Structures are given as structure tokens and as C-alpha cells.
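Let me begin by presenting the structure, written as C-alpha cells, before commenting on it.
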Amino acid sequence: MTSYLKGLKCKNCGKESPPDRSFVCLECFGPLEVSYHYSAIQADLNPQIIGQREPNLWRYRELLPLEGDPIAGFHSGFTPLTRAGRLAEHLGVKELYLKDDSVNHPTLSYKDRVVPIALSRGAELGYTVFSCASTGNLASAVAAHCAQAGFACLLFIPHDIESAKITGSLLCKPRIVALEGNYDDVNRLCAEIGDHYGWGFVNVNLRPYYTEGAKTMGYEIAEQLGWKLPDHLILPTAGGTLLPKVAKAFGEFTDLGWVQGQCRIHSAQAHGCAPVITALHDGQDFIEPVKPNTIAKSIAIGNPADGPYVLQEVRKSGGWGESATDPEIMEAIELLAEMEGIFTEPAGGTTLAVAMKLIRQERIDPNETIVVAITGNGYKTLEAFDSQGEVDVTLRPNLKIFKEWYEEHPLESRENQVGTPA
Ligand SMILES: *Cc1c(COP(=O)(O)O)cnc(C)c1O
Ligand SMILES: [Zn+2]
């Protein structure tokens, strides 16, 4: 296929370089970002062509950093954008959607978007062993996509992440090293190991390519809304990859003339790890690192690499940000399940809890279109729900016994049933 990949460009000083193995600017040590031949993309691609392609993230391949064909992620991305009718009614808003990456293929989180890009580009750059520093979901995704593509894989994780995330990864047969420390300690070691062994660390030395994968969430939201941007989008922030890249995606679609309007992008963090929200509220550009303490472990990054870019994009778009406490996160998880049947992990609870706050604060107009990103799956974080595994009753399997119990405990119908006239 034709390559539309142009090169790398420093996000700080703008210096351009070829799309090779480098990941920091040689002039100023700033992060590098991929640039494309947009006029060629404009000439060769349009929404109609995209619309006819397979429902996975490679439907936007011209806008992804690859010279040849992809080798992973053939069923990743293109997750459902569901209209949340009952939840919308409950929250008093008109048009609410959930971008549901809790069912992303194959490891049930947004990380199934970034890893296939890192692996495909990493292979083009000659890497044969892949690695990462992870809060859990990234490790699962690297382990799974390496298994499918046939690459050796070595993962670094904090020792206290949720066991389901480790179990799922272990079966894919990576090597896993747990480190006594938090994500920020793990990340520091990975940066020190760096290129020493010639491994492709998806979120360290492959970061310029890896982060491009996050744009696909933005492309999909716009396409699934019928080539329109929502008025509001609420995204979780951990290391700060997702939010600026979704902003980039919206900007690209706008520049290509495929969508119009302005989406206000809002950032959500857990109160126990909210360095970006603190800086936003204080009007600072600098992000003071914090020591994370929250049940939302997959977004517990105290020293977010791309935090300043989150601030920049939130401000540029006219959005805002809030944090949610652990009890607020748990409440939002329950509400989402009760209203929409979706079981998310604390990261998704954080995003919904923050969306609810922004609606209450009237920063979000109830008549405008709102999209809430659900980035991970609750089945991977069952520890967070330990105390909630109580069933209503345990009975002997006998009709008479059941009838007696049911007479005392009849079911009530739910308010705002779908399809019931108001
Ligand atoms: C990694 C992750 C995020 C967002 O992380 P960024 O580093 O800000 O891109 C959000 N939710 C879940 C479930 C994640 O695993
Ligand atoms: Zn630079």
C-alpha cells in the first residue's frame, strides 16, 4: 500500500526528523509526534471509502504511522458507540452516548488501540522483542497482541495490580517482571533500560507511533455519530496519551473537511491521583507529581508524561476537568450497570462520575450531545467490588420454596423503561 507517513516532528520546538527509532528530539529532548502527507490523504481517501471498510481500527490506516501492512489488531477498535437512553433520562440530558472500549478486542480496554500500532510500526523498524511499563491493561494488551503476532515479550508491572490483569496476561506466555513500587517507579526503570537491549518498549521508545493509535477512538466517535463531532467528550487521563490524540484526530478530520464544529473535551481523573486536574484548576502549566492512592489503578499515574498536552488541549477546546473520589467512582460504576448493563472498571466509573459533576455544574448544557468514554472492563478489576458479591437469597431448588420466598419479595418494574411512552 502507499505510505502517507511523512516523518516525526518535535512537539516543543518543531524540529522535523525521519520516522525512525528516535523518540525524543535531539535538539530539546521534547516528545516527537508523527506527521503525514495530508494532501495525498485528502486526494485518496474520503468518508465513503472508510465507511466500506472492515470494522476495525485499520479502516483509518492512511492516518496511522505505517509504511507497509499491519501485523496486529485486525479486530481491535471500532467498538460500539451506544446511545444511553435510560442513563440520559436519569441524568436529565437529551443525547448521551457511551464509547464502549470495555469490549475492545482482545483484552477489553482502550489499550487494544495503541498496541497494534506500536507492534506493526515496531516490526517495520526491526524490533522483534516488545516490552512495556504498565498499570495492567497495557501489559494485557502487549501480551495478547505479541502472542497473536508471534513476538517475544517482556512486561514490567507494579507488584500490586489487579490479579485478573496478570492472570489473563500470563496465559499468553510473556515474561513478567513485577517491581516493588508504583507505576512511576516501573516507568523510570523502563526509561533507564531504554534501548539498551534493543527491545521495543511500546510506551517508551515506540511512543511516537504507539500514541497515534489513540486517535482511532476520536475517528470512530466522529464516524459513528454520522461524521459529526459531539458537543462534549469526557475522557479519562492517566499518562495523558488519549486526550491529546483524540483532539488531534478531531483536528485532522476537521482539516480534511470531513467534520465540522467544535467538541469541548473534558478530562477525568480519580481524586486520589489528579495531578492534571489540580494544575487545570490552579491555572498552572506545570504539573506537580503526586503519589497515587485510588481504586482506579489503571489511571493511577502520578507523573503523567503527556500531562501538559492534556492541559493544552482541554483549554484549547473550551473544555474543563474534574476529579472523582473512590466512593463517587463506585457509585458511577453501579449506576452504569443498573441503567445500561455495562460493567466497567474504576477508570470508566471515574469518567462517568466526572461527566455527572460537569452536568451538575452546568458546564455541560443538557441539550447538547455528550459522549462518555468507557475505557476498561469491570471483569478485570473484581477486587474493587469485593463487598458487593451478595445475592438476594440462596434457596434449595424447590418450586414451593421459591414461591414462598417470591411472595414476600415481588419484583417491581423499572422507571423510565425503554419504549414506554412518557
Ligand atoms: C491507559 C488507560 C487510560 C488512559 O490513559 P492515558 O495514559 O491517559 O492515555 C484510561 N483508561 C484505562 C482503562 C486505561 O487502561
Ligand atoms: Zn525539539
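In segment 321-357, the qualifying residues are those that are over 15 Å from the mean Cα position of the chain (by Cα) and outside any helix (DSSP H, G or I), and the one that is nearest to HIS232 (Cα to Cα) is GLY321. Of all residues in segment 208-246, those satisfying the criterion of being away from ligand 1 (no atom under 12 Å from the Cβ) and either among the aliphatic types (A, V, I, L, M) or surrounded by fewer than 20 Cβ atoms within 10 Å (Cβ to Cβ) (or both) are ILE221, ALA222, GLN224, LEU225, GLY226, TRP227, LYS228, LEU229, ASP231, LEU233.
Let's see how each residue does on (1) within 21 Å of MET356 (Cβ to Cβ); (2) open to solvent by 50 Å² or more (accessible area, probe 1.4 Å); (3) of a type in the set (Phe, Trp, Tyr):
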| position | (1), (2), (3) |
| --- | --- |
| ARG61 | no, yes, no |
| LEU66 | no, no, no |
| SER76 | no, no, no |
| LEU81 | yes, no, no |
| VAL114 | no, no, no |
| ALA123 | no, no, no |
| ALA133 | no, no, no |
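Okay, residues lined up against (1) within 26 Å of ILE117 (Cβ to Cβ); (2) under 19 Å from the mean Cα position of the chain (by Cα):
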site	(1), (2)
LEU233	yes, yes
THR241	yes, yes
ASP255	yes, no
VAL259	yes, no
HIS266	yes, yes
ILE277	no, yes
GLY283	no, no
GLU288	no, no
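Here SER17 does not qualify as within 16 Å of ligand 1 (Cβ to nearest atom), open to solvent by less than 50 Å² (accessible area, probe 1.4 Å) and of a type in the set (S, T, N, Q). Applying the condition of being at pLDDT 95 or above and within 16 Å of ligand 2 (Cβ to nearest atom) to segment 286-310 and asking which residue is most open to solvent (accessible area, probe 1.4 Å) yields PRO308.
Listed residues THR381, THR350, THR325, THR375; which is closer than 23 Å to HIS271 by Cβ, modelled with pLDDT under 95 and either away from ligand 1 (no atom under 16 Å from the Cβ) or surrounded by 23 or more Cβ atoms within 10 Å (Cβ to Cβ) (or both)? Before you say what the answer is, go through the steps one by one.
Numbers: THR350 fails: modelled with pLDDT under 95; THR325 fails: modelled with pLDDT under 95; THR375 fails: modelled with pLDDT under 95.
Among THR381, THR350, THR325, THR375, only THR381 is closer than 23 Å to HIS271 by Cβ, modelled with pLDDT under 95 and either away from ligand 1 (no atom under 16 Å from the Cβ) or surrounded by 23 or more Cβ atoms within 10 Å (Cβ to Cβ) (or both).
Picking from residues in segment 233-257 that are touching a residue at least 60 places away in the same chain (Cβ under 8 Å) and of a type in the set (Val, Ile, Thr), the one that is farthest from ILE301 (Cα to Cα) is ILE234.
ARG53 satisfies every condition listed in (1) away from ligand 1 (no atom under 16 Å from the Cβ); (2) open to solvent by 60 Å² or more (accessible area, probe 1.4 Å); (3) of a type in the set (Lys, Arg) except (2). Of the strands (runs of 3 or more DSSP E) lying entirely inside segment 1-97, those containing at least 2 residues that are away from ligand 2 (no atom under 16 Å from the Cβ) and either of a type in the set (A, V, I, L, M) or on the phi < 0 side of the Ramachandran plot (or both) span 5-10, 81-83. Here segment 20-30 is the region considered, the condition is being under 25 Å from the mean Cα position of the chain (by Cα) and touching a residue at least 12 places away in the same chain (Cβ under 8 Å), and the residue that is nearest to ligand 1 (Cβ to nearest atom) is PHE23. Take the conditions open to solvent by 10 Å² or more (accessible area, probe 1.4 Å) and assigned to a helix (DSSP H, G or I) and apply them to ALA164. Does it pass? Here the answer is yes, as ALA164 does meet what is asked.
The values are calculated or read from the model by the stated rules, or taken from the named source; none is laboratory data. Only a predicted model underlies this, so the values are computations on that prediction, with no experimental measurement involved. Positions of Cβ are backbone-derived with ideal geometry, glycine not excepted, and every protein chain shown enters the neighbour counts. For the accessible areas, the whole protein counts, side chains as well, though only heavy atoms, and no ligand, DNA or RNA atoms are used. Shrake-Rupley method; radii C 1.70, N 1.55, O 1.52, S 1.80 Å.
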